[in-house]
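Inspection log for the structure reproduced underneath, given as structure tokens.
The values are calculated or read from the model by the stated rules, or taken from the named source; none is laboratory data. Note that the structure is predicted; figures quoted are calculated from it, not measured. Glycine also receives a Cβ, built like all others from the backbone with ideal geometry; neighbour counts cover every protein chain displayed. Note: areas computed on protein heavy atoms with side chains; ligands, DNA, RNA excluded. Shrake-Rupley method; radii C 1.70, N 1.55, O 1.52, S 1.80 Å.
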Amino acid sequence: MANITWRRYSLDTSVLPTGINSSTPVGPNIYHTIQPFLQELECQHPSSLQEKGMLTWTLHKNVEQDPAKANVVVDELVKDLERVQMADKKGCIIPLLLTLIYVIFQSVYIPKDLYDRAYAACRSLLKLPKPYCDVGLACVRHMQVERSKPGALYQRTVIAEHNLWNESFPFQEMVFVFADAALFSGPLGGAVQWHLESGASQQPRASHMRTVLLHTLQAALGNSCHGNALACALKDAVGTTETYFQEVVEAVEHNSEEAGEPAGGYRDRLQRLYRHILSAGGQGEASGGSMCETPLPTPVVRYHLWQEEDKLWLPLEKWIQQISTETTPAMQKSSRISRDSGIEGDLAENETSEVPAGGSRVCQPQGGSQMHRDASGEHKWVRKHCVKKKPPGRANSLPAISREFSIDLDLDEDRDTNLFHFTASVVVMGDDRVLGRLAEAYHALRTGGESLPLMSRVNLEIYYIPVTDQHTTMEGTGMDYLDVASHLGRVDPWYECNINSLAHWIPTLEETAKTSRSWDPNPFLLDVLSYYKRTAWQPVHFTIYSVKITHPNQTLERVFLTHLEVDFSEWINTKVETAKKETTPTLCGPVVSITYRKVSLNNRHVEKGKSCRTTGVLISAIPSDETEDLNHDQLTLSFKETKTSTESLIRSRNIKIKTLENKSFTVRLDKDTRRTYEDVQSIEISPCQNPRCIENKDLTLPINTFSGSNH
């Protein structure tokens, strides 16, 4: 960690004990971590963005290494969440919410009264507009799960991320990092791969089972659990570890109410298991004592250098095939479970929280819940379940932190939903060029352009970490290679702090690898990626556009995501100027005909057109600022250089371009020279249609962020 520079504060690197008594007073060090974090949240200066991300990582690292600090951190975060609501400082709400839920997620034991305060603070956000109510609603649902069954989120995450498949919880996840070969084919790629794959948890299956047992029992039993004695007993339980593990998983996933068990049945069941483990391990009747730390293992990461000719989805297909082969016999016996991967599926309808008056419409998230008035006249959130058959005695259950917006690649209502247990988290590293290639691959997958039958079984989630080697704008165009990242940072400031800041930090790993004598992987990159993957629930949707490119002898259909450039720069008209009658070349280009469609006030489509002389055309799907919403889907057409004094900008979803002089031009998609097309006579642009929707809906590429779009 010597490579990470701190402006004022640093991680507490004191020697940490192996056993921690939950009643031991927490020293001032944790306050030295919390207070700078809280102070920086309110700072709006651009220079503080990277500092916020570093302080967030420091805070979570302290909690991970010393679980006794979690209660103090939760208490301080809840107080500050209450304060910023009263002060109407909305910019701090989502960072505080996600920090709070992640600390609870990492903690070993949180007292019930502290859970109740945190739950009330999250619930009070449901009356706020989007995106605050959406993130607040997800956090409320996580709180409900943890309050009723402490340790559930931690347990489900470890099971899913580390291939601990079992019938009670048959979900599996894998993180695939695809790095653009144009940027990562050299030493930088090797350094990034080393830090991601070597830093990931490589413990054996039995070790992860013991970690889950230790964490869940401590979370459920609290101070009545002797962590050190339990850890010793589990270490000696070589032949019975999996039996204990299956028992604790069944306890978490079991629906106590449907089975007719009392409200305390979960804790009583784990208490009996705890005593049995201690007795079998020769630890006696240890009723209370210190708690052991159980750091949340980082997910397994599969790093791929994405070459131009590689098929993006092939590694996912191989993974699904491998897991299917290992788990198919048991999967055939498992129940049919909700396929929308939303944590709300974990809750029975009578568990769902009540929503304050006035929160009915502004708080309604995508796809999952609706407001319902019961017989008493009170409003409650009711889950619109999409489960075909729900077996008795088992609640719907999903991996860890919510997957409310997972992408269903096959919307066939008749298909066997019990196969829909895989989540592939695709993390793309690069700039706007790699996102254009991602859109192309995603379009081929959704429209049947690639024959990958197993992909119909997967929840696909897309994440984006910006990195570029282009530190200046494209010559003569004024374009940036990180336009998408800049837009995501504008609509989601927490993405700007935690993810966009990596664009400048990741390239330093190449130089560090050359000079460092240490072979220990730096945990920072993998920790941030894990945090991003586990808490970024809200997608920003980018419409994928189709472009029909007409050549003299053929017509091609391609897609682009955010940018298309038409170049006429080789056209030079000469004019005689100056007193010496010297010939001065002047770039003014050909006469171009542009036809576009506008939507009138009465919602009718009106075809319009214009002609002008220009050296080039730029078409962008990225709004100029955060006040413009991508969901309104307007391409902006501008001219590089024109002799016409008419309107210089055109906004439309459907655009046709051709020259009136029967001359050709060059087209470049998403700023990528690898996707350049020459000798083009005309182009026709329109949004791609989602082939699996009955209604005419655009096909969009969803990129997960912390807050989603503000609109």
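Pairs with C-alpha atoms separated by more than 23 Å, drawn from the list Lys610/Lys658; Lys311/Lys514; Lys52/Lys127, are Lys311/Lys514; Lys52/Lys127. Packing around the peptides 455-462, 150-157, taken as the average count of other Cβ atoms within 10 Å per residue, puts them in this order, highest first: 150-157, 455-462.
For a test of the definition: using alpha carbon positions, the gyration tensor, and the 1.5 limit on a/c, classify the range 40-198 as rounded, prolate or oblate.
oblate
Using the Cβ-Cβ distance between Glu82 and Arg267 with R0 set to 41 Å, the FRET efficiency works out to roughly 0.90. Residues whose amide H falls under 5 Å from that of Thr614, counting only those 5 or more places apart or on a different chain, are Val592, with hydrogens built in the peptide plane. Most tightly packed first, judged by the mean number of other beta-carbon atoms within 10 Å of their residues, the peptides 678-684, 206-212 read 206-212, 678-684. Amide H contacts for Val559 (H built 1.01 Å from N in the peptide plane; partners 5 or more residues away or on another chain; cut-off under 5 Å): Val547.
With a ≥ b ≥ c taken as the square roots of the eigenvalues of the C-alpha gyration tensor of the range 135-178, please select rounded if a/c is under 1.5 and otherwise prolate if a/b is larger than b/c or oblate if it is not?
oblate
In terms of packing, defined here as the mean over residues of other Cβ atoms within 10 angstrom, the peptides 225-235, 113-123 line up highest first as 225-235, 113-123. If we count every other residue with Cβ under 13 angstrom of Lys548's Cβ, Lys/Arg +1 and Asp/Glu -1, where does the sum land? Local charge sum for Lys548: +1. Residues His276, His195, ordered by accessible area of protein heavy atoms at a 1.4 angstrom probe radius and largest first, appear as His276, His195. For the listed residue pairs Lys598/Lys640; Lys598/Lys663; Lys90/Lys130; Lys61/Lys533, the alpha carbons are over 19 angstrom apart in Lys598/Lys640; Lys598/Lys663. Only protein heavy atoms count here; on that basis, with a 1.4 Å probe, Asp134 has an accessible area of about 20 Å². Under the classification rounded if a/c is under 1.5, otherwise prolate if a/b is larger than b/c and oblate if not, where does the range 107-243 fall, given a ≥ b ≥ c as square roots of the Cα gyration tensor eigenvalues? In terms of gyration-tensor shape, oblate.
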